[in-house]
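Take a look at the structure set out below.
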Amino acid sequence: MEQKYNPQLIEVNRQKKWDDTQVNATGFDTSKPKYYLLEMFPYPSGRIHMGHVRNYTIGDVVARFKRMKGFNVLHPMGWDAFGMPAENAAIKNNSHPQTWTDKNVAEMREQLKRMGFSYDWTREVNTSKPEYFKWEQEFFIRMWEKGLAYQKLSEVNWCNTCATVLANEQVVDAKCWRCDSPVILKPLKQWFFKITAYAEDLLKGIEELKDGWPDRVLTMQREWIGKSTGAEIDFTLEGTKEKVTIFTTRPDTLFGVTFMSIAPQSPLVEKLIEGKPQADSVRAFVDKVNKAEKTEDKFAEKEKEGVFTGAFAINPVNNRRVPIYVANFVLMGYGTGAVMAVPAHDQRDFEFARKYDLPINVVIEPKGQHLDGKAMKAAYTEEGNLANSGQFTGMKNEVAKHAIVDFLERKKLGRKSVNYKLRDWGISRQRYWGTPIPIIHCEACGMVPVPESDLPVKLPFDVSFTGVEGSPLSRHEAFVNVNCPTCGNKARRETDTMDTFMESSWYFLRYTDPNATTEPFSPEKAAYWLPIDQYIGGIEHAVLHLLYSRFFTRVLSDLGYLKLSEPFEKLLTQGMVIKDGAKMSKSKGNVVDPNHIIEQYGADTARLFMLFASPPERDLDWSDAGVEGSYRFLNRVWNLAYETVSNRWEGNQDHPELLYWVHKTIKKVTEDIGDEFHFNTAVSSIMELVNFLQKIAPQSGLSAAFKDALKTLVVLLFPFVPHMAEELAEIMGVGGDLATYPWPKYDEKALQVSNVTIVVQVNGKLRAQLNLPVDVSQDDAVKAAHDNEKSKPYLEGKQVVKTIFVKNKLLNFVVKDS
């Protein structure tokens, strides 16, 4: 055994052995309980970062632990390989997205292997490969046949620089999240998935997840789906027979409507302003709003503004004329894009009414009080009794909600309704590097799916990347111009590609059977492995990726590919890596390169620091001193093993507390990994065991019990620092690969100790060690210290100023001469 710990040499050798033996490859073994452990797969940017290291180290500890506990563990890795960055890189570097992506995948694969992660690389998945996205295209066609995929004209966020559609979440301060260019609204034909058809099912499914998902994530999903129960009410446009339908959760306030607000993007706008003197001002206002940021949370922050259209609607319950305004706080995606405004009982409407000098009519009052709309300083939004509401006056407002809706239904003026904030998923992207949508447009036949025998529709390699004029596919004649599969006439291939969330919505299914060629995955294998027992990833994916994956799993189940509703049984959202008070990022200039840490300290040190510095769900503050401390600890373990293997200790006495410490540590580490993922406290307990072994080594290091304890220590370390642990295990003769070595079991009897060692200090200096009964009192410990031959001379004739007693561990006397 080498005297000096050499992590670089050890780690490379161990990794080669794991590769050669494929020790982490997983088979279909129904004789063992299965455990599917998955971390969210990365985008192949070319370099792993400390966020990757943390995420994947957390998962690796659990995967190794579960294997040792006898589970058949599936722990795969792959690449979320489509996306705009590859296309941007092709434009910038005069390269090709495929070449750029494949190069990055190769580099990142080696980096992940260098970290010692126990992935089954035989199951590697790359979403940009035809053998993967072929099945995605088949799913699309099946969804199109079922009416779950459709195309419609839609106002979209458009970035001229990137020449593509952006989701609301990709618009930051009215600019593109990638290139910082201004974003505009543009009407385009877009493809959508009908996720709204699953809104209620997705909402109910959240209840299944409450024991395994963080409350914060479940709340975010509930709010994103946004179920509202209320009523649809028809307002007639003055002077016409046409109606505007609004959705409201407050039908009890219907008699208090004094104006109506509509979204700037509503197709109703042009109809309302036609021939009116307000037309030009309305169009100018709409243009202004369309250039501003459009997400609902940003609307809440902005000043409420609007413009009168010149048109009026008629309130169906009291026939009052209410002016119609175009307002910047109304979202076209929510409800019908038109809302009734009740300024007396809605603060947003109140502010708007005050600004534009609109009436404020009180229709709900606290019991025994009268409210004056002209004198109100804010909207009254609490419960109360109806006022100025016709035959409903005096009724409690919660009762009136139902009574008014019943009245509207009888009069055919409205109806009960449930609304969701959730909108259908727009999947169209006007770019090259994505999965081609398998649809052909024929003038005679309309939209025709690509025949299954012609799948996959592959991306042509010979394209030019200019960064302008939309997708390169639209300019590639050989790709675009095809014959209609139905009639044989000339037709055009769809040139939009799919949103990359499509790939990440089912990749975990492909891992169960990654080499299948006649089906996307075997239903039998999917049934064996799913659901995923533990999913790990960042909180930033709490809504879209996780919601789309839940939706997609339901769709594929309904289409007959599998039988599953919820794909992820348990979810851990790990915290960020923070340095200098901010998340590590290139823009902040606070990035630490994992390769640098590996070169200087080794992968095991990086892993240990990530696990010890913070619980996984919390942010981790990067600390160079912490990294060095982890490295020093591993050197201490190595040195302890070296001294033991080299028989450099003096004594072979069995220490009475040794078994207690060993089994206490086994119990603590087992519970911390298996139950709560408290890796930091698990590592801490291992450090305490090392401290104890170092303390007793001079007297007990030659004993068989001591050597057995050291072997147990090495096994316990394996999930955390697998390279060093396996190296030491081989040197010490533990026997077999630690990857499949049984996890140690603790003995409850060994935990029932009668005595403990209490350290005696005088003015902070070690003077004696007392062997005393467990839970000995302070008074008895003090008496024993005064009677002990080693500590007695330091206490006799001294004035004890202070006594510090740590139960079962320490007794420290602060003394001065009398």
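Structure summary
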| read-out | value |
| --- | --- |
| Residue match in the stretch 415-432 (condition: surrounded by fewer than 14 Cβ atoms within 10 Å (Cβ to Cβ), of a type in the set (K, R) and assigned to a strand (DSSP E or B)) | yes |
| Residue among V307, V317, V362, V282 that is modelled with pLDDT of 95 or more, surrounded by 15 or more Cβ atoms within 10 Å (Cβ to Cβ), in a strand (DSSP E or B) and of a type in the set (V, I, T) | V307 |
| Subset tally (residues that are in a loop (DSSP other than H, G, I, E, B), of a type in the set (A, V, I, L, M) and within 20 Å of P130 (Cβ to Cβ)) for the stretch 443-501 | 5 |
| First in the stretch 634-652 and within 13 Å of A725 (Cα to Cα), second anywhere and outside any helix (DSSP H, G or I) and open to solvent by less than 10 Å² (accessible area, probe 1.4 Å), Cβ under 7 Å, 6 or more apart | L634/Y5; L634/V721; N635/Y5; W638/Y5 |
| Set W135, W144, W213, W191: member being at pLDDT 95 or above, part of a loop (DSSP other than H, G, I, E, B) and not charged (D, E, K, R) | W213 |
| Which numbered condition T127 misses (of (1) open to solvent by 20 Å² or more (accessible area, probe 1.4 Å); (2) closer than 30 Å to P594 by Cα) | (1) |
| Cross-chain or 6+ apart pairs with Cβ under 6 Å, the stretch 64-90 first and within 15 Å of T127 (Cα to Cα), then of a type in the set (D, E) and open to solvent by 30 Å² or more (accessible area, probe 1.4 Å) | G78/E124 |
| Condition met for Y631 (surrounded by 16 or more Cβ atoms within 10 Å (Cβ to Cβ), of a type in the set (S, T, Y), part of a helix (DSSP H, G or I) and touching a residue at least 60 places away in the same chain (Cβ under 8 Å)) | no |
| Conditions (1) in a loop (DSSP other than H, G, I, E, B); (2) open to solvent by 10 Å² or more (accessible area, probe 1.4 Å); (3) more than 23 Å from M376 (Cα to Cα); number of the one not met by F329 | (3) |
| Residue within the stretch 635-649 that is assigned to a helix (DSSP H, G or I), aromatic (F, W, Y) and either under 20 Å from F117 (Cβ atoms) or in contact with a Ser or Thr (Cβ under 9 Å, 6 or more places away or on another chain) (or both) present | no |
| Residues within the stretch 71-95 that are modelled with pLDDT of 95 or more and more than 23 Å from the chain's Cα centre (by Cα), tallied | 2 |
| Subset of the stretch 658-677 [modelled with pLDDT under 95 and surrounded by fewer than 18 Cβ atoms within 10 Å (Cβ to Cβ)] | G674, D675, E676 |
| Scope the stretch 672-704; condition farther than 17 Å from K745 by Cβ, assigned to a helix (DSSP H, G or I), touching a helix residue (DSSP H, G or I) at 6+ places or on another chain (Cβ under 9 Å) and not polar (S, T, N, Q); matching residues | F679, V683, M687, E688, V690, F692, L693, I696, A697 |
| Residue match in the stretch 530-543 (condition: surrounded by fewer than 15 Cβ atoms within 10 Å (Cβ to Cβ), within 23 Å of I141 (Cβ to Cβ) and free of Cβ contacts under 8 Å to residues at least 40 places away in the same chain) | no |
| Leading residue by the ranking (nearest to F255 (Cα to Cα)) among those in the stretch 332-359 that are part of a loop (DSSP other than H, G, I, E, B) and modelled with pLDDT of 95 or more | V342 |
| P719 vs. criteria modelled with pLDDT of 95 or more and not in a helix (DSSP H, G or I) | yes |
| Among residues of the stretch 365-400, those that are under 27 Å from Y325 (Cα atoms), touching a Pro at 6+ places or on another chain (Cβ under 8 Å) and open to solvent by less than 40 Å² (accessible area, probe 1.4 Å), counted | 2 |
| Among the residues listed as A231, A197, the single one being farther than 25 Å from L473 by Cβ and open to solvent by 10 Å² or more (accessible area, probe 1.4 Å) | A197 |
| Qualifying position, being aliphatic (A, V, I, L, M) and either touching a residue at least 24 places away in the same chain (Cβ under 8 Å) or exposed (fewer than 13 other Cβ atoms within 10 Å of the Cβ) (or both), among V801, V734 | V801 |
| Filter result for A739 (more than 30 Å from D20 (Cβ to Cβ), touching a Phe, Trp or Tyr at 6+ places or on another chain (Cβ under 9 Å), surrounded by 12 or more Cβ atoms within 10 Å (Cβ to Cβ) and among the aliphatic types (A, V, I, L, M)) | no |
| From V759, V814, residue being under 30 Å from V715 (Cβ atoms), surrounded by 13 or more Cβ atoms within 10 Å (Cβ to Cβ), under 53 Å from the mean Cα position of the chain (by Cα) and β-branched (V, I, T) | V759 |
| Condition check for S261: small (G, A, S) and in a strand (DSSP E or B) | yes |
| Qualifying residue in the stretch 585-606 (condition: over 29 Å from the mean Cα position of the chain (by Cα) and surrounded by 14 or more Cβ atoms within 10 Å (Cβ to Cβ)) | yes |
| Qualifying residue in the stretch 697-705 (condition: within 17 Å of T757 (Cα to Cα), among the small types (G, A, S) and either open to solvent by 10 Å² or more (accessible area, probe 1.4 Å) or out of contact with any strand residue (DSSP E or B) (no Cβ under 6 Å at 6 or more places or on another chain) (or both)) | yes |
| From the options K194, K129, residue that is closer than 21 Å to W433 by Cα and within 26 Å of the chain's Cα centre (by Cα) | K129 |
| Residue check, A739 more than 27 Å from I598 (Cβ to Cβ) and assigned to a helix (DSSP H, G or I) | no |
| Hits in the stretch 246-258 - residues which are in contact with an Asp or Glu (Cβ under 8 Å, 6 or more places away or on another chain) and under 13 Å from I324 (Cα atoms) | I246 |
| Cβ-Cβ under 6 Å pairs, at least 6 apart or on other chains, the stretch 740-762 side within 19 Å of G70 (Cβ to Cβ), far side open to solvent by 40 Å² or more (accessible area, probe 1.4 Å) | W743/K69; Y746/K667 |
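So that you can scan it fast, the table gives a plain yes or no per residue for (1) touching a Lys or Arg at 6+ places or on another chain (Cβ under 8 Å); (2) more than 29 Å from L751 (Cα to Cα):
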position	(1), (2)
R767	yes, no
N771	no, no
V774	no, no
E789	no, yes
E796	no, yes
V801	yes, yes
K809	no, no
V815	yes, yes
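The values are calculated or read from the model by the stated rules, or taken from the named source; none is laboratory data. Just so it is clear, the structure is predicted and the values come from calculations on it, not from any experiment. FYI the Cβ positions are ideal-geometry reconstructions off the backbone, even for glycines, and counts take in every protein chain you see. For the accessible areas, the whole protein counts, side chains as well, though only heavy atoms, and no ligand, DNA or RNA atoms are used. Shrake-Rupley method; radii C 1.70, N 1.55, O 1.52, S 1.80 Å.
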